[in-house]
Ligand SMILES: Cc1cc2nc3c(=O)[nH]c(=O)nc-3n(C[C@H](O)[C@H](O)[C@H](O)COP(=O)(O)OP(=O)(O)OC[C@H]3O[C@@H](n4cnc5c(N)ncnc54)[C@H](O)[C@@H]3O)c2cc1C
């Protein structure tokens, strides 16, 4: 992750709407901690696959877990290059025109390779992180995993090699757009006014 303001490497440089690009560690980590589902993309026998999974971040690592029998876990344990994305939708952006509709979001695209975690202490702290991510503090309230559960579970960690975030916030971009014929006869149907979500922007 980037700590300074140097130009980001080509692979992670946000080119479309570059002002929405963020590369600072704090921003990236905050989004990773807010989002719940990671989409993990990899190649299986030459074909692209993208699988939704729960995850947890600890420091600069992303942890995932799953059954030892899982195709995804078996392939990812071989340290192939992966791309992991997460998204938080903050609200929907309603506008006068279809073209101007959008969403306010925070998203992260991270690259790296997963590796199996065999160290018992690290496995337990990763499992606690998964539980606490679902509900903060929950890890200390529940029965801890037993030997059978631990044996059945593969835990993988990815050291984030390169990462970018992209953040959109605020109202529709082109607020000077003229209303449609129906909107001009119904003033209440103008931009960003028809949904509770719209009022959040
Ligand atoms: C919100 C969410 C959180 C999840 N969290 C975890 C987790 O933490 N750990 C975990 O191991 N699994 C998790 N899963 C399940 C995960 O998405 C996979 O189904 C599972 O990991 C098995 O992967 P596989 O490649 O071994 O499946 P396989 O059955 O071998 O996949 C074969 C094909 O089945 C289809 N498929 C597989 N999974 C899905 C899916 N979720 N939706 C639609 N089609 C699918 C795809 O076409 C895939 O190519 C989660 C799913 C969701 C939706």
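Values quoted throughout were computed directly from the atomic coordinates according to the rules given, and no laboratory measurement underlies them. All of these numbers come straight from a predicted model, not from anything done at the bench. Quick reminder, even Gly has a Cβ in these numbers, built from the backbone with ideal geometry, and neighbours come from all protein chains shown.
Scanning segment 40-56 for residues that are more than 9 Å from the ligand (Cβ to nearest atom) and in a strand (DSSP E or B), we see that the one that is farthest from residue 82 (Cα to Cα) is 56.
When the test is whether a residue is outside any strand (DSSP E or B) and near the ligand (Cβ under 10 Å from one of its atoms), residue 75 passes it. When you check residue 115 against the structure, is it part of a strand (DSSP E or B) and surrounded by fewer than 17 Cβ atoms within 10 Å (Cβ to Cβ), yes or no? So residue 115 fits the description; yes. Listed by first and then second residue, the pairs with beta-carbon distance under 7 Å, at least 6 apart or on different chains, first residue in segment 51-69 and free of Cβ contacts under 8 Å to residues at least 24 places away in the same chain and over 15 Å from residue 116 (Cα atoms), second outside any strand (DSSP E or B) and near the ligand (Cβ under 6 Å from one of its atoms), are 51/72. Filtered by the rule that a residue be out of contact with any strand residue (DSSP E or B) (no Cβ under 9 Å at 6 or more places or on another chain) and loosely packed, with under 15 Cβ neighbours inside 10 Å, segment 121-138 gives 121, 135, 136, 137, 138. Whether any residue in segment 91-98 is within 12 Å of the ligand (Cβ to nearest atom) and out of contact with any helix residue (DSSP H, G or I) (no Cβ under 6 Å at 6 or more places or on another chain) is what I want to check. No, there is no match, as no residue in segment 91-98 is within 12 Å of the ligand (Cβ to nearest atom) and out of contact with any helix residue (DSSP H, G or I) (no Cβ under 6 Å at 6 or more places or on another chain). Considering only segment 26-36, I want to know if a residue exists there that is without any contact (Cβ under 8 Å) to a residue 40 or more places away in the chain and within 11 Å of the ligand (Cβ to nearest atom). No, because not a single residue in segment 26-36 is without any contact (Cβ under 8 Å) to a residue 40 or more places away in the chain and within 11 Å of the ligand (Cβ to nearest atom).
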